[in-house]
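Dumping the structure here so I can ask a few things about it.
Please treat every number below as a calculation from the coordinates, not as lab data. This is a predicted model, so every value here is computed, not measured. Note that each Cβ is placed from the backbone with ideal geometry, even for glycine, and that neighbours are counted across all protein chains shown.
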């Protein structure tokens, strides 16, 4: 097919190869008019909020400290509650996540998980075909018609009873370069939400569920306010009751951790809970304090949920949610079971069990897994605490009192930066970037499901360690020369020829004097349809 640009009646240009199937199923004239309306109504506000992020980052770099907002103290002290939770979202003890790919969706929806978060964000490489086919897959899943046949003829189809579906659009910062208005790319957030909502909301309500979403990467309650405005506009546009949309917000930035109450308040008619998006949260901490020599985290594997600042973040999330009648959702277990090594599985499942037991005891109402084989472990942990109850929102955690300093004191007891940690970050970043450029956003590496969030941690730590010349456990300083030497070693392991472009991108991300906000932004420019 040849690439061409064409314009519909709503002035949305499609900068991609013409595909009649996408146009017939997803980019209908009515859907494009809706996208155009969302763009005209909200894009300027989105861009203004992104500029606010940049200004806030500059202020932190020049010495501003993070704290709870004095101007919203009345919200934190208020007695308000969020709107009631729909019946099919009351019990979320185990949620499984994965990209909007047919086979993975079927396996997830058929798993023992209560809910499935279908991802258009960190675990989906946003090629044009992935985004459009993902929307088609969602439409078929909503209507219980999704099927898949693999290369050897094995057929996959949905069970009669499936998990409740939630959809995660891309974050506010990401564009959709294949859809433009007057040369300006549409927001990836508004495209993913808009198409999923427009084609499925009425059908979902008719089936006794609803248009449910996960919202990623927010940095302030003002960004939550914008989403709330989008929901009101969208519900009015297609003629369904306000409050039909229900969302869960991922608290995966350090700035959002100081505004949990405010985020719940802004979305109180549409929100059901918050999620401890721990991998992106760690990345956000590195990014926000990237220029601070005193705030270097140790090897990624040492930054567990048991370290003080992560435990404070989780405790505050549980307390805040339950105080407002909302769910508190725990973090991801990214382990991918091995088909060949039972000893690896035994050790890893023990760590998963410990993690899920800790979350259940802390008061979380549910947790995330990346693979169906982890459902038993996660269910067992929460069944022991919940029993027949759908959640434990009555656990108010009045024992929790988290000060600002507890969220920003990044001390990790006995934490070390090792040559192995550096090499591991390089290895993961190289392999993930290479796969992402080929259209794979969820990549199994070393028995872990890596996505954009974990790759971001890897390259962000490398940038900070190199630019501050951190001291490794073996006494060497990590400078540019040592980084290149270790990079060459890892490159030889994964295949230099296949990873040549990934290595160039990683070098830019690590060695550039300025910290790149997201690796997916420069990489997206090179992503082919």
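Please label the shape of segment 416-524 as rounded, prolate or oblate, based on the square roots a ≥ b ≥ c of the eigenvalues of the alpha-carbon gyration tensor (a/c under 1.5 means rounded; beyond that, a/b larger than b/c means prolate, else oblate).
Since a/c reaches 1.5 and a/b is larger than b/c, the shape of segment 416-524 is classed as prolate.
Okay, next question. Work out, in µm²/s and without decimals, the Stokes-Einstein translational diffusion coefficient of segment 154-280 at 25 °C, 0.890 mPa s, Rh from Kirkwood over C-alpha pairs.
For the chosen part, D equals 157 µm²/s.
What nm value, rounded to one decimal, do you get for the distance between residue 232 and residue 75 when each label is placed 7 Å out toward the C-beta?
According to this spin-label approximation, the distance is 1.4 nm.
What does the helix-only formula give at 222 nm for the chain: each DSSP H stretch with n ≥ 4 adding -39500 (n - 2.57), the total divided by the residues, and the result rounded to the nearest 500 deg cm²/dmol?
One gets -15000 deg cm²/dmol as the mean residue ellipticity at 222 nm.
Moving on. State whether segment 31-406 is rounded, prolate or oblate according to the following rule on the C-alpha gyration tensor (a ≥ b ≥ c being the square roots of its eigenvalues): a/c under 1.5 gives rounded; otherwise a/b larger than b/c gives prolate, and the remaining case gives oblate.
rounded
At a Förster distance of 41 Å, what's the computed FRET efficiency of residue 350 paired with residue 11, Cβ-Cβ distance as r, to 0.05?
E between residue 350 and residue 11, to the nearest 0.05, is 0.10.
For segment 220-279 and segment 397-471, what is the separation of their Cα centres, given in Å?
About 27 Å separates the Cα centre of segment 220-279 from the one of segment 397-471.
Set the Förster distance to 25 Å, then compute FRET efficiency between residue 340 and residue 304 from the Cβ-Cβ distance, nearest 0.05.
Approximately 0.40, to the nearest 0.05.
Rounded, prolate or oblate: pick one for segment 209-265, where a ≥ b ≥ c are the square roots of the eigenvalues of its C-alpha gyration tensor, a/c under 1.5 means rounded, and failing that, prolate if a/b is larger than b/c, else oblate.
The shape class here is prolate.
Quick one: order 238, 336 by neighbouring beta-carbon count within 10 Å, fewest to most.
Taking fewest neighbouring Cβ atoms as first place, the list is 238, 336.
Going 7 Å from the Cα of residue 403 along its beta-carbon direction, which residues of segment 66-81 have the amide nitrogen within less than 18 Å of the resulting point?
It comes to 66-70, nothing else.
Follow-up question, since we're still on this one. One-quarter of the Cα convex hull surface for segment 1-134, in nm²?
13.6
What number, in percent, do you get for the relative contact order of segment 31-406 if the mean sequence gap of Cα pairs under 8 Å and at least 6 apart is divided by its residue count?
Reported as a whole number, the value is 19 percent.
Here's another thing I want to ask about it. Quick check: residue separation of residue 494 and residue 129 times 0.36 nm, minus the Cα distance between them. What number comes out in nm?
Full extension from residue 494 to residue 129 adds 128.7 nm.
Next question, about the same structure. Going by how many other Cβ atoms sit within 10 Å of their own, how do 66, 509 line up, fewest first?
Sorted ascending by nearby Cβ count, the order is 66, 509.
Another question, if that's okay. Per-residue counts of other Cβ atoms within 10 Å, averaged by peptide: what ranking do you get for 435-448, 487-500, highest first?
Put in order of decreasing packing, that is 435-448, 487-500.
Roughly what percent of Cα-Cα pairs across segment 206-313 reach past 16 Å?
Distances greater than 16 Å cover 62 percent of the Cα pairs.
Can you give the % of DSSP beta bridges in segment 31-406 that are antiparallel, to the nearest 5?
Among the beta bridges of segment 31-406, antiparallel pairing accounts for roughly 20 percent.
Using only the Cα atoms of segment 253-382, construct the convex hull and provide its projected area averaged over every direction, in square nanometres to one decimal.
9.0
On full extension of the chain, what length is gained from residue 476 through residue 202, given 0.36 nm per residue of separation minus the C-alpha to C-alpha distance?
Difference between extended and current length: 92.6 nm.
Got a sec? How would 480, 454, 79 order by Cβ neighbour count within 10 Å, fewest to most?
79, 480, 454
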